[in-house]
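Only the coordinates and a few stated rules stand behind these numbers; no lab work does. Not measured: the values here are computed from a predicted model. Note that each Cβ is placed from the backbone with ideal geometry, even for glycine, and that neighbours are counted across all protein chains shown.
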Amino acid sequence: MLRAVGAAVALPWLEAMQPLSALAVTPKRPKLRVGYLYFPNGVAKGGWEPEKVGGDGELLKLNKWMKDLEPFKEDILVARNIWTPRGNGHGAGTATWLTGGSYSGSRVSAGGASVDQIIARQVGKDTMLPSLDMSMKGEGYFSNSLPRNTISWVSEKLPATRDTNPRTIYDRMFRKASDGVTDKGVIDLVNGQAKSLKRRVGRIDQQKIDEYLESLR
């Protein structure tokens, strides 16, 4: 982590972070995290269907759209035939995707809290932010429709506050409002510490740090 007054930038994994031996550090239980990505109009047919699956559900061969998941295929479980009659389309389908509850447009109800918020109440205390809810800004006739633009619900009638601006999302993760950070780029604020770190790591790590910081600008 690179830190400056009022700003922090998380680093990617570097070779220098690798312990000299398996006994050099005490293994820690990783923090539990869960993420849900919503595709309102679905994906192309077959997009999430592996080319070959073993008898026990083991993924033997991924399709061309899933190839980026190849390094993680041993940890992936592809579920099929998940369906609920409660949200059968349009606003109801969006609003109840993670609630499984009964939708009511007349009284703005998603039927209950969404599963992501229920999980956040249990494990969110162990992470920097209990829940990070991000969304694209809707356009057109239904851009202001609450159920059509909300998948995360604190309760049946209270949607989770969602962020649509990448800048505010970044600020929530890496800045503290009380620190009075100006509009000067966060990367510029930690640049001095980045240079100091580069002097202490190998060439490959130096290149990785440069590429990573440049991608954040």
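Compared with the alpha-carbon gap, the fully stretched path from residue 214 to residue 191 is longer by 7.2 nm at 0.36 nm per residue. For residue 163, the residues whose modelled amide H falls within less than 5 Å of its own, excluding neighbours fewer than 5 places apart on the same chain, are 133, 134, 135.
Karplus-based coupling profile of region 31-40, in residue order and whole Hz: 5, 6, 9, 9, x, 10, 10, 9, 10, x, with θ = phi - 60° in 6.51 cos²θ - 1.76 cosθ + 1.60 and x standing for Gly or Pro. Among 97, 65, 83, a tally of other beta-carbon atoms within 10 Å of each Cβ gives an order, fewest to most, of 83, 65, 97. Taking amide hydrogens as placed 1.01 Å from N in the peptide plane, the amide H of residue 53 sits under 5 Å from those of 60, each at least 5 positions away in sequence or on another chain. Could you check the simple spin-label distance between residue 72 and residue 84, using points 7 Å along Cα→Cβ, in nm with one decimal? Going from the residue 72 label point to the residue 84 one covers 2.3 nm. Once backbone amide H atoms are built at 1.01 Å from N, residue 109 has 104 as its partners under 5 Å, excluding neighbours fewer than 5 places away on the same chain.
Within region 62-127, the trypsin sites (Lys or Arg not before Pro) that combine a DSSP coil assignment with at most 10 other C-beta atoms in a 10 angstrom radius are 64, 80, 107.
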